[in-house]
Amino acid sequence: MLDVLEWYGAIAAVIAALVVATNVSTRVTGWAFVLFVTSSLALTAWGFLSDDAEGIGWQNIALLLINLWGVYRYLGPPKGERKEPAKNAGEAA
């Protein structure tokens, strides 16, 4: 099981990085971030379940948060529909 987590995480990250680097489209890049999320989840589990790999687990928790931000940025609501913070107190209402 640990080997599957390790190898899936590594291979998925390489494929996702290749897709992001090709910059085909916004939507395709967004799905690459989804793949990055699955890679981070697998490597987080592998890191904490393996002996002496806790650092990889913590690293992938950070990467998971970054990748979730990527999913939101590329697959979330269009920029015009995102809730923007108010510039001053008068606009908040």
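The values are calculated or read from the model by the stated rules, or taken from the named source; none is laboratory data. Owing to the predicted nature of the structure, the values given are computational and were not obtained by experimental measurement. Reconstructed Cβ throughout: ideal geometry from the backbone, glycine too, with neighbour counts over all protein chains shown.
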When every residue in segment 17-32 that is surrounded by fewer than 13 Cβ atoms within 10 Å (Cβ to Cβ) and aliphatic (A, V, I, L, M) is compared, the one nearest to TYR74 (Cα to Cα) is VAL24
VAL71 passes all but one of the listed conditions (1) under 14 Å from the mean Cα position of the chain (by Cα); (2) at pLDDT below 95; the exception is number (2)
